[in-house]
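Here's the structure we're looking at; comments come further down.
The values are calculated or read from the model by the stated rules, or taken from the named source; none is laboratory data. All figures in this text were calculated on a predicted structure; none of them were measured in a lab. Heads up, the Cβs are rebuilt from the backbone with ideal geometry, glycines too, and the neighbour counts pull from every protein chain shown.
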2 protein chains.
Amino acid sequence: MALLISEPTLLLDQQKCLNNLDVMLAKCQKLGLDFRPHFKTHQSIQIGRWFRERGIHKIATSSLKMAEYFAQDNWTNITVAFPTNILEIDRINRLASKIELNLLIQSVDVLEFLNQQLQFPVNAYIQIDLGYGRTGFESDEMPTINRIVTAIRQTNKIRWKGFLGHAGHSYSAKNISEIRRVHQQALDQMQIIYDYFSARYSSLEISIGDTPCCSSMSSFGCASELRPGNFIFYDLTQQQIGACSLDQIAVAVACPVVAIHQKRHQIVVYGGGVHFSKEVLHHANYGPCYGLVVATTATGWGKPIPNCYVAKLSQEHGTVQCSEAFMQQIKIGDIIYILPVHSCMTANVLKSMQSLDGQQYTMMP
Amino acid sequence: MALLISEPTLLLDQQKCLNNLDVMLAKCQKLGLDFRPHFKTHQSIQIGRWFRERGIHKIATSSLKMAEYFAQDNWTNITVAFPTNILEIDRINRLASKIELNLLIQSVDVLEFLNQQLQFPVNAYIQIDLGYGRTGFESDEMPTINRIVTAIRQTNKIRWKGFLGHAGHSYSAKNISEIRRVHQQALDQMQIIYDYFSARYSSLEISIGDTPCCSSMSSFGCASELRPGNFIFYDLTQQQIGACSLDQIAVAVACPVVAIHQKRHQIVVYGGGVHFSKEVLHHANYGPCYGLVVATTATGWGKPIPNCYVAKLSQEHGTVQCSEAFMQQIKIGDIIYILPVHSCMTANVLKSMQSLDGQQYTMMP
């Protein structure tokens with residue numbers, strides 16, 4: 001290790017990260033499913049290349065801007081897994097001129113707009129609500145869905161590929177059996193859609209895949225493609241619901257210790273809401289928790305140190321509640337490592353990473 | 001208005017912003033207090049210049065990095081209102097070589113480190129805990145404080161200026177009378193310190209100043225300087241506790257509408273946790289609330305639209321619960337304006353602003 005850290009820094013354990021990638025890829029291969037990793041978690045061209053080196057050529061992003069970022073690095077088949085924002089039609093046309101761009105169609109209005117304004121062909125998926133209740137058509141809106149399918153097929157600029165859904169409510173599961181319930185509900189919804197359309201349309205693509213379900217479930221019904229993102233890093237939220245183990249979490253935030261308060265067993269680190277995000281989880285023993293302190297080892301980090309956790313975050317300060325034993329060994333100027341609650345949000349605010357051998361990873365600005 | 005918005009954009013009402021500035025400046029002038037605005041909220045060189053044009057020459061920042069950013073724009077007297085991070089000694093020396101740098105001393109260790117490593121003189125404040133319980137010495141730690149004062153005065157690189165505190169628990173107040181209680185507690189703590197030291201040391205500086213207290217209180221005890229930051233924009237948190245009125249909130253997030261769900265009276269906007277931050281408030285009528293939708297007017301925005309609020313945020317999606325009337329007038333591709341819960345955090349993630357006449361404001365990268 002040759003780490004020179006003086007500010008809050010997102011540390012990347014490359015080996016854990018590659019292992020997470022290989023496990024998910026092997027699962028898709030074993031099940032005969034296409035693997036379209038969602039790049040919103042790492043937002044990094046360098047990490048993206050690890051996927052490409054393993055033969056993966058299709059990705060998902062959460063915005064058109066992020067699609068442009070990865071298109072610059074020669075990703076040529078990108079699904080923007082977000083309702084199409086018609087106000088970005090210029091960006092859509094720029095992207096469609098050079099890559100195979102897959103958009104979501106969430107209404108007749110959007111379809112008509114695209115049909116008028118597209119200068120290059122795109123692919124389209126119709127978004128289905130798998131029970132999350134955020135976006136997408138519900139399975140009982142079949143007449144509308146049917147109307148859109150028919151209308152898409154009458155355009156010459158939009159190639160209809162199939163259906164896409166995201167069972168994001170799996171993130172609020174409390175354990176594996178709740179993940180299983182969410183997953184079954186999602187598959188049931190998609191099956192209704194699939195049964196209705198597959199007889200008429202061959203080679204219908206069905207894209208699903210949140211990290212909790214993709215990590216812990218072993219069959220995916222009518223799906224043809226999995227689209228998880230968070231799995232590349234995982235985090236405490238995923239660990240708490242049983243979607244990963246602690247030693248699969250591939251990122252930690254390194255924070256300088258700036259103040260020590262012996263009396264109340266607290267230390268203050270340089271590392272606040274602008275570094276972690278304010279994502280919180282409710283820990284069985286600690287209550288509201290913004291991160292767990294892990295032991296620093298010769299090669300990275302080890303297990304969480306009992307009774308050491310981030311209890312409070314303000315803009316730049318993190319207040320860490322500590323055990324008596326930890327208090328005795330810590331001093332101002334030390335660096336401590338903290339596992340984040342939600343790695344997507346933490347990476348998004350920190351905007352860069354450093355691997356354990358000191359290599360810098362840039363992210364989308 | 002010549003706004004071209006296609007993505008989540010932080011809108012700045014320059015008139016409200018300048019009014020907030022002028023009101024706070026007038027208050028300080030009237031009370032004969034130094035005004036050292038905290039620049040962590042706007043993080044913008046352009047907005048900083050509005051302060052300078054009004055004769056303000058001393059500022060506070062929340063990190064050394066932010067101090068460097070403003071030093072580039074010729075701010076020459078900066079207090080880093082954060083415990084001194086000794087790992088950034090190189091940055092401290094770079095700053096101290098060209099500006100009057102004011103650091104916080106939070107322990108004997110930090111003092112000794114600085115005394116050995118400083119290449120240029122700095123000023124120092126000793127941080128006092130005003131009841132917030134985050135950082136600083138408590139008023140009953142007088143022997144330690146006294147020891148540090150004596151030790152600082154024996155160095156030739158560190159000029160001791162006085163004491164600094166932050167009553168950050170005022171943000172959790174529920175109303176003006178709770179702010180008043182926090183304020184009185186803070187002043188009482190500082191007075192104990194002041195009484196102990198002022199007899200021996202003349203021209204002792206006392207710096208306090210969180211936005212709730214600075215906005216709503218009218219006397220500041222032994223303080224010589226006020227140091228608020230959030231007041232430049234304000235936000236729903238400040239409005240809820242009574243520190244500002246709705247029409248003083250100087251920023252809103254403009255978000256494209258990307259999906260409409262008539263049945264559940266919801267729209268989905270492009271605008272999620274990566275744009276608002278995940279800061280939440282508990283609204284008396286709506287429960288958890290991540291922002292309020294305001295009416296769009298010819299010159300900016302007006303009042304909140306009843307029963308229209310951001311009920312959920314994921315990475316890029318905002319789910320807005322809407323009134324029947326609002327649902328009827330909204331369509332995909334519209335832009336809606338949303339007042340943020342915590343403007344410091346929202347500005348920090350959006351990283352740039354646009355005024356209502358279309359001018360771009362850059363922020364610290």
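In this structure, is A:ILE192 within 30 Å of A:HIS283 (Cα to Cα), out of contact with any Pro (no Cβ under 7 Å at 6 or more places or on another chain) and of a type in the set (Val, Ile, Thr)? In short, no. Taken as a whole, the condition of being closer than 23 Å to B:VAL320 by Cβ, among the β-branched types (Val, Ile, Thr) and crowded, with 23+ Cβ neighbours inside 10 Å does not apply to B:VAL280. Considering the range A:265-278, the residues that are closer than 14 Å to A:TYR309 by Cα and not aliphatic (A, V, I, L, M) include one that is farthest from the chain's Cα centre (by Cα), namely A:HIS265. Pick out, from the range A:300-351, the strands (runs of 3 or more DSSP E) lying fully within it that include 2 or more residues that are within 9 Å of another protein chain (Cβ to nearest Cβ). Those strands (runs of 3 or more DSSP E) span A:317-321. For the range A:67-90, give me each residue that is surrounded by fewer than 22 Cβ atoms within 10 Å (Cβ to Cβ) and more than 27 Å from A:THR144 (Cβ to Cβ). Those that are surrounded by fewer than 22 Cβ atoms within 10 Å (Cβ to Cβ) and more than 27 Å from A:THR144 (Cβ to Cβ): A:GLU68, A:TYR69, A:PHE70, A:ALA71, A:GLN72, A:ASP73, A:ASN74, A:THR76, A:ASN77, A:ASP90.
Tell me which residues, restricted to the range B:93-141, are over 30 Å from B:TYR171 (Cβ atoms) and of a type in the set (Asp, Glu). B:GLU112, the sole residue that qualifies. I'd like to check something: does the range B:110-117 contain any residue that is under 30 Å from B:GLN185 (Cα atoms), within 14 Å of chain A (Cβ to nearest Cβ) and either in contact (Cβ under 8 Å) with a residue 24 or more places away in the chain or surrounded by 15 or more Cβ atoms within 10 Å (Cβ to Cβ) (or both)? Scanning the range B:110-117, I find at least one residue that is under 30 Å from B:GLN185 (Cα atoms), within 14 Å of chain A (Cβ to nearest Cβ) and either in contact (Cβ under 8 Å) with a residue 24 or more places away in the chain or surrounded by 15 or more Cβ atoms within 10 Å (Cβ to Cβ) (or both), so the answer is yes. Keeping to the range A:352-365, report how many residues are part of a loop (DSSP other than H, G, I, E, B), more than 9 Å from chain B (Cβ to nearest Cβ) and over 21 Å from B:LEU87 (Cα atoms). Qualifying residue count for the region: 2. Give me the residue from the range B:131-158 that is out of contact with any Phe, Trp or Tyr (no Cβ under 8 Å at 6 or more places or on another chain) and hydroxyl-bearing (Ser, Thr, Tyr) and, out of that set, modelled with the lowest pLDDT. Taking the candidates together, the pick is B:SER139.
Yes or no: A:GLU88 more than 11 Å from every other protein chain (Cβ to nearest Cβ) and acidic (Asp, Glu)? It is false that A:GLU88 is more than 11 Å from every other protein chain (Cβ to nearest Cβ) and acidic (Asp, Glu). Of the numbered conditions (1) over 28 Å from B:GLU138 (Cα atoms); (2) surrounded by fewer than 24 Cβ atoms within 10 Å (Cβ to Cβ), A:HIS265 fails exactly one; give the number of that condition. So A:HIS265 meets the others, but not (1).
The residues of the range A:121-147 that are more than 29 Å from the chain's Cα centre (by Cα) and either hydrophobic (A, V, I, L, M, F, W, C) or not assigned by TED's automatic domain parsing to the domain that holds A:ILE208 (or both) amount to a single one, A:MET142.
Just one residue in the set A:LEU292, A:LEU281 is away from chain B (no Cβ under 11 Å) and closer than 20 Å to A:SER355 by Cα; that residue is A:LEU292.
Restricted to strands (runs of 3 or more DSSP E) entirely inside the range B:164-277, those with at least 3 residues that are over 23 Å from B:ASN123 (Cβ atoms) and within 14 Å of another protein chain (Cβ to nearest Cβ) are B:251-261, B:266-270. When the range B:165-206 is filtered for residues that are within 15 Å of the chain's Cα centre (by Cα) and either surrounded by 19 or more Cβ atoms within 10 Å (Cβ to Cβ) or in contact (Cβ under 8 Å) with a residue 24 or more places away in the chain (or both), the ones remaining, listed by number, are B:GLY165, B:HIS166, B:ALA167, B:GLY168, B:HIS169, B:SER170, B:TYR171. Quick check on B:GLN117: is it of a type outside the set (Asp, Glu) and within 19 Å of A:ILE332 (Cβ to Cβ)? The answer is yes for B:GLN117. Scanning the range B:291-331 for residues that are exposed (fewer than 15 other Cβ atoms within 10 Å of the Cβ) and charged (D, E, K, R) gives B:LYS303, B:GLU324, B:LYS331.
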